[in-house]
Amino acid sequence: MPHGAHFFMNPGPTNIPDRILRAMDRGAIDFTGAQFKAIAEECFAGLQRVFKTEETILAYAATGHGAWEAALVNLFSPGDKVLLVESGFFSLNWGMRGEAFGIEVETLPNDWRRPLDPAALEARLRDDREHRIKAVLAVHCETSTGVINRVAQLRQAIDAARHPALFLVDTISSLASIDFRTDEWGVDVVVAGSQKGLMLPTGMAFTGVSPKALAAAASAKLPRVYWDWKRLLGEGSQAYWNGTAPVHFFYALQEALRMLEEEGLDHVFARHARLAEATRRAVRAWRSNDGPEVYATDPGAQSNTITAVLVPEGGDADKVRQAALDKFNVSLGGGLDRLKGRVFRIGHLGDLNEPMLLGAIAAVEMALDLAGVPHGKGGVAAAMEYLAIEG
Ligand code: PLP
């Protein structure tokens, strides 16, 4: 029987702050009434500041998979072609969903350990002289690898190729944790979810939609009802909802947005950067003695929300996770797809502080011993040294 706090260190869902839990501890209200409308409008205005957009944001009672699907069915017709930037498990999954709807998905192959070179995107788009590619799909933070794609540079590559493709970006594990600038970076559709940087329960998802994307939706032929942007905007307000609005989610979202604004987004990003750097320093200490290493190899593209740790050949990452959970009540993320058993993932996003992170790193260091994975000592000390002086 475990004692004390469960350390939930998966890269999402994340810890839900007490303030948000308390905000939901209220009765239901009429979702067609003025009181709910005011809350919803405050939420959509707050989301626009987090997305850094002045454009439309639509919300759904769904996980991120729903927002993925909403983007696909609203924008495309059967036989349309899209270009998917390969980054890992989540990128490929988004593409598979497009194929299921009869969209032709071309994957731009890429090393999972590095962000895509924007020149590769530019070259592929230049080749597409007939402009058959209707959209470029990319994941900002690939949660399965901990690699960040450079969204602003991908936008520049699309512009440099003078290509009219729409630009769709999944920010599920970056929004409200790592800077993301929808309008400045010319992103047409932003896909986001509730359960990571926004610190909410799982079950609400969002799409930020540019006027260009709304225009494309007007002629797109894939069937949609629940996800239909036209229907959602039919009453001229983003606060319109298909079916019964999940008012408790809105209570929670209102509180989360207030918390983010009280702290200030720049501070939120800096806090994530600091905890991420402490985590990477710990892994670098383990690396000596032919130990584990940070999976993401490009130092400028290592995620501030999740670190995937590659276990040396012969080691079993799942054994490390199991030991951390069974012995120390610390939950880590597992390797996905081809990374199963090869990496474990430390989530360092959302409502987290230094002692929580240090406790988790200490548990991982002990779990490496228990799982028989060779490693250097001193990961916790390296993280402590950094946290004691920085920030
Ligand atoms: N995209 C990314 C980058 C994710 O990290 C996840 C989930 O972790 C998803 C999509 C899928 O979202 P959900 O699990 O909320 O459906």
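Values quoted throughout were computed directly from the atomic coordinates according to the rules given, and no laboratory measurement underlies them. Bear in mind the structure is a predicted one, so any value in this text is a computation, not a measurement. No Cβ is skipped: glycine too gets one built from the backbone with ideal geometry, and neighbour counts run over all protein chains shown.
Quick notes
- Taking each residue as 0.36 nm, the span from residue 28 to residue 326 lengthens on full extension beyond its C-alpha to C-alpha distance by 103.4 nm.
- Full-extension gain in nm, residue 119 to residue 385, via 0.36 nm per residue minus C-alpha separation: 91.9 nm
- Residue 242-residue 99 pseudo-label distance in nm [points 7 Å out on the Cα-to-Cβ vector]: 2.5
- Amide H contacts of residue 226 (H built 1.01 Å from N, in plane; Pro and chain starts excluded): no residue 5 or more places away or on another chain comes under 5 Å.
- For region 151-259: rounded, prolate or oblate by the Cα gyration tensor [a/c cutoff 1.5]: oblate
- Residues whose amide H lies under 5 Å from that of residue 170, counting only those 5 or more places away or on a different chain, are 138, 139, 140, 191; hydrogens are built 1.01 Å from N in the peptide plane.
- When each of 37/221; 37/230; 134/230; 37/196 is checked by Cα-Cα distance, pairs over 27 Å: 37/221
- 3J(HN,Hα) along region 215-225: 5, 5, 5, 4, 10, 6, 9, 4, x, 7, 10 Hz, from the Karplus curve 6.51 cos²θ - 1.76 cosθ + 1.60 with θ = phi - 60°, whole Hz, x for Gly and Pro.
- Remark: region 90-151 carries a charge dipole of roughly 140 debye about the Cα centre, counting +1 on each Lys and Arg Cβ and -1 on each Asp and Glu Cβ.
- Selection of chymotrypsin sites (Phe, Trp or Tyr not before Pro), region 190-238, meeting DSSP coil and at most 15 other Cβ within 10 Å: 226
- Whole-Hz ³J(HN,Hα) from phi, Karplus 6.51 cos²θ - 1.76 cosθ + 1.60, for region 138-143, glycine and proline x: 9, 9, 5, 10, 7, 5
- Charge dipole of region 152-192 about the Cα centre (unit charges at C-beta), most positive-ward option of 186, 152, 165: 165
- Of the GluC sites (Glu not before Pro) found in region 1-101, those in coil by DSSP whose Cβ has at most 14 other Cβ atoms within 10 Å are 54.
- Overall, the ratio between the Cα radius of gyration of the chain and 2.2 N^0.38 Å, rounded to two decimals, is 1.00.
- Relative exposure of 141, 43, judged by other C-beta atoms within 10 Å (fewest first): 43, 141
- √(5λ) per eigenvalue of the Cα gyration tensor, region 7-151, largest first, Å: 34, 20, 14
- Sorted ascending by nearby beta carbons within 10 Å, beginning with the fewest, 162, 321, 338 become 162, 338, 321.
- With Cα atoms, 0 to 90° folded angle of helix 317-328 axis to the chain main axis: 70
- Neighbour counts of C-beta atoms inside 10 Å place 91, 173, 331 in the sequence 331, 91, 173, starting with the fewest.
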